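Below: the structure, in structure tokens.
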Amino acid sequence: MQYRAFKLQELSVPYKWTFKTAGGSIKEFVNSDTLAYAAGGACATWKIDNDYLLSNNSTINITAETRAVPGQIIVMIDDAGQKNLGVITGVDNKNLQIIYKNMLDIFDCTTLNPMRAAMSNNGDEFEVKYLYDGVEDTAQILAMLYASKDVDKYRRLPIRIRTSGGGRNERGIYNVPAIWKYADNTFNIKEWLVDLFNTHNVVVQFKLVFEVSRAYIEIYVAHNTSGGRLIKNNIHGMTLTHSEDTAAKATVCQVVDNESKALLSTWYLLRNNTVTSDANATDRVQPYKLTVSEFDADNDDGATEQSVAEDALLYGDFNHYISVEIDRNSAMYPQNLNIGDSVTVVPEIEEMTSENVLNDDYENKVMRSIYTGKQEDSENSIVTLIFGKIRINYTDIIQMQYQKKARS
């Protein structure tokens with residue numbers, strides 16, 4: 001295994017790139033930097049903890065001193081190409097060790113809340129709306145913050161962004177409607193993205209792209225959809241652990257005015273993952289768990305009290321933890337899993353063969369989930385694949401509670 005570290009290098013001539021929205025309009029952005037080689041070498045051993053929900057450290061033990069420094073982007077390379085990407089957080093040349101976190105850490109930055117005023121992109125105003133699309137508008141916000149013409153040189157990044165699953169449907173409604181909840185003057189970009197993943201299954205993925213005279217970070221913003229990979233628990237040497245929390249995080253939402261704080265309406269979560277204002281609805285989800293959301297009655301972008309309540313109560317799926325331990329050398333090891341991929345985990349069912357399909361007879365025996373990370377190291381061929389959005393390790397739970405507190 002090899003590693004490469006890259007620094008940002010300013011280009012003598014910036015270049016423009018375009019983002020085409022689902023509606024067909026073209027937005028133009030600019031890259032003023034490129035990725036330049038900083039250091040590289042062989043990895044003696046390595047441990048990867050690539051969990052989208054947590055900021056855990058991954059470690060590389062190297063064979064010789066390095067010129068890499070914290071803040072640079074690191075990529076691990078094997079015969080198949082880019083194995084893992086991250087942002088260096090520590091370098092210890094005495095002990096020949098590099099510590100890094102996953103690529104989402106490049107967005108661990110507090111910046112001005114774009115809800116406060118319109119932002120400018122080469123003269124075209126783009127204002128973050130109260131109700132926004134969790135995919136397409138997220139891509140545009142990231143581009144505005146990191147690839148605008150006048151962005152601070154110490155924050156800008158050489159990026160290009162593509163999306164999947166955003167925009168509006170045939171009725172003109174956002175495919176991934178989200179409410180902008182941040183009311184302070186500033187917000188943390190990474191915390192916002194993790195919250196979008198938790199509430200709307202919007203995932204941000206990364207890859208480094210090298211061209212003849214420049215390089216950039218490709219960012220893929222996508223909404224998780226149903227279906228996906230099939231993982232069966234009938235593989236020799238595979239261990240599956242399942243811990244489920246079926247209770248919804250909130251079942252009742254009281255909507256209050258964002259200025260007067262007066263109660264405007266109350267909404268209730270139903271078993272079919274919709275909401276109602278009828279407190280006597282027979283299919284309300286229990287137990288009673290209250291959340292409160294603020295509503296801006298002066299908004300002009302289509303947000304309603306109901307859409308605010310839906311943003312708070314819906315999208316509560318994958319509230320479980322599944323870990324699959326499997327040998328990376330196994331022919332059944334699931335290749336090319338990306339964060340956010342939806343999967344179906346099939347417990348060991350004796351009568352089910354590879355020719356069977358997941359029909360109604362098996363529907364209540366399978367687990368639908370989403371891939372959220374993996375843990376592996378060079379000294380053990382067993383890889384732990386992680387699915388779902390809760391964590392069962394004490395230290396992980398404490399970290400997630402801290403992150404949630406920081407975002408609230």
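The values are calculated or read from the model by the stated rules, or taken from the named source; none is laboratory data. What you see is a predicted model, and the numbers here were worked out from it, not measured in a lab. Positions of Cβ are generated from backbone atoms using ideal geometry, with glycine treated the same way; all protein chains shown enter the neighbour counts. Heavy atoms of the whole protein, side chains included, go into the accessibility calculation; ligands, DNA and RNA do not. Shrake-Rupley method; radii C 1.70, N 1.55, O 1.52, S 1.80 Å.
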What are the chymotrypsin sites (Phe, Trp or Tyr not before Pro) within segment 267-312 that DSSP puts in a loop, where the Cβ has at most 11 other Cβ atoms within 10 Å?
-> Tyr288
Residue-wise HN-Hα coupling along segment 99-114, computed from phi with Karplus coefficients 6.51, -1.76, 1.60 (Hz; x: Gly, Pro) | 10, 8, 10, 5, 5, 4, 5, 5, 9, 6, 9, 8, 9, 4, 5, x
Take each of the peptides 92-98, 9-15, 186-192, average the number of other beta-carbon atoms within 10 Å over its residues, and list them starting from the highest.
-> 186-192, 92-98, 9-15
Using a 1.4 angstrom probe on the protein heavy atoms only, line up Asp33, Asp298, Asp278 by accessible area, largest first.
-> Asp298, Asp278, Asp33
Quantify, in whole percent, the carbon and sulfur part of the accessible surface of segment 265-327 (1.4 Å probe; protein heavy atoms only).
-> 42 percent
Provide the per residue accessible area, probe 1.4 Å, for segment 1-154, rounded to a whole number of square angstrom.
-> 45 Å²
Please find the FRET efficiency linking Glu170 to Lys83, where r is the Cβ-Cβ separation and R0 is fixed at 41 Å, and quote it to the nearest 0.05.
-> 0.50
accessible surface per residue for segment 288-345, probe 1.4 Å, DNA/RNA/ligands not counted, whole Å² -> 47 Å²
Between Gln9 and Arg271, the two model label points (7 Å from Cα along the beta-carbon direction) sit apart by a distance in nm of 6.3 nm
Rounded to the nearest Å, what's the spacing between the alpha carbon centres of segment 70-84 and segment 174-199? Just the number, please.
-> 29 Å
Run the accessible area of segment 10-60 with a 1.4 Å probe and give the carbon-and-sulfur part as a rounded percent.
-> 47 percent
